[in-house]
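The values are calculated or read from the model by the stated rules, or taken from the named source; none is laboratory data. Computed from a predicted structure; not experimentally measured. Note that each Cβ is placed from the backbone with ideal geometry, even for glycine, and that neighbours are counted across all protein chains shown. Areas reflect the complete protein model, heavy atoms only, side chains present, ligands, DNA and RNA absent. Shrake-Rupley method; radii C 1.70, N 1.55, O 1.52, S 1.80 Å.
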Amino acid sequence: MLVLLKPGTPEAAAADVMTRLRMAGLAVHRTDHDGRARIAAVGDASAVDWAEVATWPGVDTTQKLARPFKLASRAFRPHDTVVQVGRCGIGGRQLAIMAGPCSVEGEAQAFAIAEAVAKSGATVLRGGAYKPRTSPYAFQGLGEEGLKILRRAADAHGLAVVSEVMDTQQVALLARYADILQIGARNMQNYSLLREVGHSTKPVMIKRGLSSTIEEWLLSAEHVMAQGNQQVILCERGIRTFETYTRNTLDLTAVPVVKELSHLPVIVDPSHGTGIRDKVAPMARAAIAAGADGLMIEVHNDPDHALSDGAQSLYPQQFDELVAQIRTIAEVLGRTV
Ligand code: PEP
Ligand code: MN
C-alpha cells in the first residue's frame, strides 16, 4: 500500500505513521515528492484496516500499489532515481557510458583499453574477473588479481569500475574493488545473491535474465531494494528468442516500458544483445534514441585474440566514433555524454 501524507505534515507525525505501520508487521519505505512524504508499506496488507489508517494524523490518502514490484515502481517513487557513481549520476541528464573488455586478461590489456575508452568519453570501466562461462573449459577470469588490475587501470584514467559478482561469498571482495556490482543475466533470479547485494552500500546493476519477462526483472530489483539498497540500475542485454542470426534479441521495447513502470535507470548492452561487432553501433544508437540512460559496450584492443567475446567487441577506434555519434543523438534529446 502507498500512504500519502499531507503536505507540511510535521516530522513527528510522519514518524508516528511509520512506527504504527511497522507495528502492524509491515516494512516501510519513505520517499518525498512535491513536498509530501510517500510511504510504501509492504508485506501482508490484509492485516491492516486501511480506512482507519486514512484517519491517522497527517495521512491524506491510502492507495493500493497494484504492481507486484513496489519499491521499484514509479507509482511509489514518481521521480527518476539517479545513482551517483564517481562523477556520473546514472539516470540523470548525463548518459552513462560504460566500456571495457569482456574479461580482464592482464595489466597491459586493461590499461590500454582504459586509456582508450576514457579518452573517448566513457566514465565507467567494465571488465569481468569472475566470468560465468557456458563451458567449464573456457577462460573463467583472473579472480581477485583481475579486480586489482581493473581498479588500477580505472584509477589511472579517472574511471569508475563495474564488475560481475557471481556468488554470495564474493560480494564483500567485489565491493572492495568495484563501484558497481554487476549481477549477470544468468544470476538475475539468484535470490540469495540479490539479497546479499541488497545489504551492500554499493550500487547494483542487474542484467536482464536470458528468458526473463520485464516483470521478473523488476522483481529482481525489488529483491535488492527490499533489503535496503535502493541504488539499482537495470541493464537490458538481449533475451533468447527463436532468432539465431544474432546471439540474443535486444529488446529495446523494454526501455520505454521500464521507464514507465519504474523510476530506476536503464542501461543497454548491445554487445551481448547482438553478439556481432558491426551490429553493436546501430543498436547502441537506437538504445539512446529509445530513452536509455546509458550504454555498456565491450571494447578490446586486440579482439581477435580476446579470451572471451572478441567477436562482439569494438576496436577502440570504432568505440570512439560511436561515442561521437551518441553525443549528437544525446543533444537532440536534451542529454549529454
Ligand atoms: C558480461 O557483461 O560480460 C556478461 C557475462 O553479461 P551477461 O550476464 O549479460 O551475459
Ligand atoms: Mn562478455
Candidate set from segment 298-315 (those that are in contact with a Phe, Trp or Tyr (Cβ under 8 Å, 6 or more places away or on another chain) and closer than 20 Å to residue 164 by Cα); member that is nearest to ligand 1 (Cβ to nearest atom): 308
Within the bounds of segment 295-318, is there any residue that is within 14 Å of ligand 2 (Cβ to nearest atom), assigned to a loop (DSSP other than H, G, I, E, B) and within 24 Å of residue 204 (Cβ to Cβ)? yes
Members of segment 260-292 that are over 14 Å from residue 98 (Cα atoms), of a type in the set (Gly, Ala, Ser) and in a loop (DSSP other than H, G, I, E, B): 275, 290, 291
Count of segment 85-129 residues which are modelled with pLDDT under 95 and open to solvent by 10 Å² or more (accessible area, probe 1.4 Å): 2
Contact list, first residue from segment 258-276 and under 17 Å from residue 319 (Cα atoms) and outside the structural domain of residue 288 (by TED's automatic domain parsing), second anywhere and of a type in the set (Lys, Arg) and crowded, with 24+ Cβ neighbours inside 10 Å, beta-carbon distance below 8 Å, six or more apart or interchain, is none
Subset of segment 50-76, residues surrounded by 17 or more Cβ atoms within 10 Å (Cβ to Cβ), of a type outside the set (A, V, I, L, M) and under 17 Å from residue 14 (Cα atoms), comes to 58, 62, 76
